[in-house]
Structures are given as C-alpha cells and as structure tokens.
Amino acid sequence: MSLLTRSAAVAAVMICITQPTHAGRIENAVAVFAALDKVTARISELEVPIDQTVEFGALKITARICNSRPPTERPKTTTFVEIDEIKLDGSTDRLFTGWMLAESPGLNALEHPVFDVWLTGCKSPQDGVAATSDEGQDSVADDATIGEVPRPKEVSPFPRRRRIRR
C-alpha cells in the first residue's frame, strides 16, 4: 500500500470517528404549551394536536409540526406554531408565526399584553416511540379522544405545600 493511499485511508477513518452520528427526529402528534393569563394570573397547560386549533382566551393556537429527539440524544424540542388573536369585531390578527424551542422558552415565546405562550414539550410520537416532556411526564395521551379538541388544563402557579409534623 502506498503512502498516499494509506494516509487517505487514515483520514477517512478519522473523519468517521470524529463526526457524531445523530438519530433521526421524532415527529409527534401533540404539542404541549404553557399559557399565562396575566389578568387572572393562571397558568394553563395546552395540548394542541398537529394541524388543529385550540383557543385560549382571545388566542387561537395552531401547531403545524412538533419534533423532538430520542431520549438517548441531547434534548431538543421544536414546534412551528401560528398564533392568531380574535378581535372584538370578530376578525383575526396574526400575532406569531414561527419556531418555538422548549429548551429556550424566552427566545421565541409569544409575549402579549394579556397572554404569554411558550412551548414546554411534545407528546404522542407518531412512530410509536415514547418521548417525554420536560416535566418527565409520560407522553402517551391520557384521556384525549381522536377528533375532540382538548380543553386547557389548569396548573397552579404556586407549588404544592407539604405539611411538616413536629
């Protein structure tokens, strides 16, 4: 083997060793958002099925894509979302169109005078592989039925108190 072909073979092996392999992304059926109503100071968890619209106050939230990575990879959860506001005259105004990142909620969240919306995770992978949201909850849809628009779940902004007996 000549010196040139040997060095080419070594270079090819080094390229294969140094470049990390990434698993494919997981396409999910449900995007999970946290929504803050600043008037009532309530935080709600919104489960938005892909290509369906969920209303939160005067907002219409439509998730188009929700991707995550397998549990063996570094976490990265992204969604492409469209958020419209319903005006008093019944017309709608587009407030946000773009990508939201669960690992950087302050980067691309919707900040509105009355509402804040940010991505927290994805649920129900379409390929059957279970993924978890950031809170560590199992991603299998619990009581949602197909074709039914889920209602937002109320989440208390205050942590649960524990009683300490003395």
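Where a number appears in this text, it was derived from the coordinates with a stated rule and is not lab data. Note that this is a predicted model, so its numbers are computed, not measured. Counting neighbours? That spans all protein chains shown, and the Cβs are built from the backbone with ideal geometry, glycine included.
Can you name every residue in segment 34-69 that is outside any strand (DSSP E or B) and either among the basic types (Lys, Arg) or surrounded by 14 or more Cβ atoms within 10 Å (Cβ to Cβ) (or both)?
38, 52, 57, 58, 69
Does segment 70-101 hold any residues that are free of Cβ contacts under 8 Å to residues at least 40 places away in the same chain and either charged (D, E, K, R) or outside any strand (DSSP E or B) (or both), and which are they?
Of everything in segment 70-101, those that are free of Cβ contacts under 8 Å to residues at least 40 places away in the same chain and either charged (D, E, K, R) or outside any strand (DSSP E or B) (or both) turn out to be 74, 76, 82, 84, 85, 87, 88, 89, 90, 91, 93, 94.
Return a yes/no flag: does segment 75-83 have any residue that is surrounded by fewer than 16 Cβ atoms within 10 Å (Cβ to Cβ) and closer than 18 Å to residue 35 by Cβ.
Of the residues in segment 75-83, the ones surrounded by fewer than 16 Cβ atoms within 10 Å (Cβ to Cβ) are 75-76, 82.
Narrowing the set further to residues that are closer than 18 Å to residue 35 by Cβ leaves 82.
Looking for residues that are surrounded by fewer than 16 Cβ atoms within 10 Å (Cβ to Cβ) and closer than 18 Å to residue 35 by Cβ, one finds at least one in segment 75-83, hence yes.
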